[in-house]
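Enquirer: I have a structure I would like to understand better, so I am pasting it below and will then ask my questions one at a time.
The values are calculated or read from the model by the stated rules, or taken from the named source; none is laboratory data. This structure is a prediction, so every number in the text was calculated from the model and none was measured. For neighbour counting, all protein chains shown are included, and Cβ atoms are generated from backbone atoms with ideal geometry for every residue, glycine included. Just so you know, the surface numbers come from the protein's heavy atoms only, side chains and all, with ligands and any DNA or RNA stripped out. Shrake-Rupley method; radii C 1.70, N 1.55, O 1.52, S 1.80 Å.
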Amino acid sequence: FQYLKRFDQGYNLDTFCYKAHSVEGNPAECLQQFLLHCGITDPSWSELRNFTWFLNVQLRDCEASVFCNPDFVKDTLQGF
């Protein structure tokens, strides 16, 4: 949710890193973001769950990757 919210607000996501147990927004706002970005017009709860699970795994892997660390990469992969 935090990534999607910042994406919609035009923030640079290269420097954002999720902090465990940090809470932003409310459940209605979270659901609205998921519905907006999941790519299905009228998703089931199962489809929303799969979307959020997959997105979470991808973002966690991205945060753990040295190739996505702006301090390591500097500006060599700008826009990647």
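Enquirer: Show me the helices (runs of 4 or more DSSP H) found entirely inside the chain where at least 2 residues are modelled with pLDDT of 90 or more. Step through it out loud before you land on a result.
Expert: Values: elements: 2-8, 27-37, 45-64, 70-73.
Filter on the chain gives 2-8, 27-37, 45-64.
Enquirer: Between a first residue in the stretch 14-27 that is touching a residue at least 40 places away in the same chain (Cβ under 8 Å) and a second residue that is outside any loop (DSSP other than H, G, I, E, B) and open to solvent by 100 Å² or more (accessible area, probe 1.4 Å), which pairs have beta carbons less than 9 Å apart while being 6 or more apart in sequence or on different chains?
Expert: That search, which allows pairs on different chains as well, returns Y18/R60.
Enquirer: Can you name the residue in the stretch 1-31 that is among the aliphatic types (A, V, I, L, M) and loosely packed, with under 10 Cβ neighbours inside 10 Å and, of all such residues, is farthest from the chain's Cα centre (by Cα)?
Expert: Of the stretch 1-31, the ones among the aliphatic types (A, V, I, L, M) are 4, 13, 20, 23, 28, 31.
With loosely packed, with under 10 Cβ neighbours inside 10 Å added as a condition, the list becomes 20, 23, 28.
On the way: A20: 14, V23: 14, A28: 17 Å.
Per the stated criteria, the residue is A28.
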